[in-house]
Amino acid sequence: EADIYQTPRYLVIGTGKKITLECSQTMGHDKMYWYQQDPGMELHLIHYSYGVNSTEKGDLSSESTVSRIRTEHFPLTLESARPSHTSQYLCASSESMDRGQYFGAGTRLSVL
Amino acid sequence: GDSVTQMEGPVTLSEEAFLTINCTYTATGYPSLFWYVQYPGEGLQLLLKATKADDKGSNKGFEATYRKETTSFHLEKGSVQVSDSAVYFCALNRGGGYQKVTFGTGTKLQVIP
């Protein structure tokens, strides 16, 4: 059983609010990822990290930012939420790429 | 660049029917191939994987064989159950130190009693 946790599971906020989506894993994995999943199910990589103090932007342009101060923690922040940010956000981690990724349960964000 | 193409859904089957979800890929190098499953309201779970040509990944009655000659990794199950209703994603990592995964668009499976 993978140990990767996302909070909150659901979030409804107003436009312009600052929010942070939390992601933590207890497996000691160096690699962590944030994906945005649209209603049509497709996954889009928005950020990833190789390890502490390393972060990279993904394939989909995003107004969010991430940090990686501790191995186990990879939070995603939106400074000013907009309705276009409404989506499901999935966090994942990996020990090595040939072993696959472990996913959290996701955060479903609605911005009104 | 890398790409994964999987059959469009939704796929609707009766319980105990045979399942095939097609997946083909394009990638440089020698990719590792994966199938993930996403149940309603949850994140993705790794279902099975194969890391080299002719390898067969299997789990929970599902199987997929890495076919390099046809660049395919089709998912099969001999007898589906209602509990298999979910979205299935084919994915690859090209290897060689590349740190990202390329996902297909997902295939929704609905199994009816």
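Peptides B:35-44, A:28-37, B:92-101 ranked from most to least packed by the mean count of surrounding Cβ atoms within 10 Å: A:28-37, B:35-44, B:92-101.
Remark: relative contact order (segment A:52-112) = 26 percent; criterion is Cα-Cα distance under 8 angstrom and separation of 6 or more residues. Between B:Glu42 and B:Glu16, the modelled label-to-label distance comes to 2.6 nm, taking each label 7 Å out from Cα in the direction of the beta carbon.
Structure note, pairs B:Lys49/B:Lys100; A:Lys57/B:Lys52; A:Lys57/B:Lys100; A:Lys18/A:Lys57; A:Lys31/B:Lys60: Cα-Cα distances above 18 angstrom occur for A:Lys57/B:Lys52; A:Lys18/A:Lys57; A:Lys31/B:Lys60. Remark: spin-label model distance A:Thr86-B:Arg67 equals 4.2 nm, labels positioned 7 Å along the Cα→Cβ axis. Per-residue 3J(HN,Hα) values for segment A:30-38, derived from phi via the Karplus relation 6.51 cos²θ - 1.76 cosθ + 1.60 with θ = phi - 60°, read 6, 8, 9, 9, 10, 10, 10, 10, 7 Hz in sequence order (x marks Gly and Pro). Remark: mean inter-chain Cβ contacts per residue of A:95-108 equal 6, using a 10 Å Cβ-Cβ cutoff to other protein chain atoms. Fully extending the segment from A:Ser67 to A:Asp98, taken as 0.36 nm per residue of separation minus the present Cα-Cα distance, adds 8.7 nm.
Using only the C-alpha atoms, the convex hull of chain B corresponds to 94 Å³ per residue. In this simple spin-label approximation, B:Thr5 and B:Ser58 carry label points 7 Å from Cα along the Cα→Cβ vector, and these lie 3.0 nm apart. Within straight-line reach of B:Lys56, meaning a Cα separation under 19 Å, sit the following lysines at least 8 residues removed in sequence or on another chain: B:Lys68, B:Lys77. Could you pull out which residues in segment B:22-58 have an amide N less than 17 Å from a spot 7 Å beyond the Cα of A:Tyr10, following the Cα-Cβ vector? Backbone N within reach: B:40-43. Here the Gaussian network model covers chain B, with springs between Cα atoms less than 10 Å apart; of B:Phe89, B:Phe103, B:Phe18, B:Phe18 fluctuates the most.
Only the coordinates and a few stated rules stand behind these numbers; no lab work does. Bear in mind that the values here come from a model prediction, so they are computed numbers and not experimental data. Using ideal geometry, Cβ is built from the backbone for each residue, glycine included, and neighbour counts are taken over all protein chains shown.
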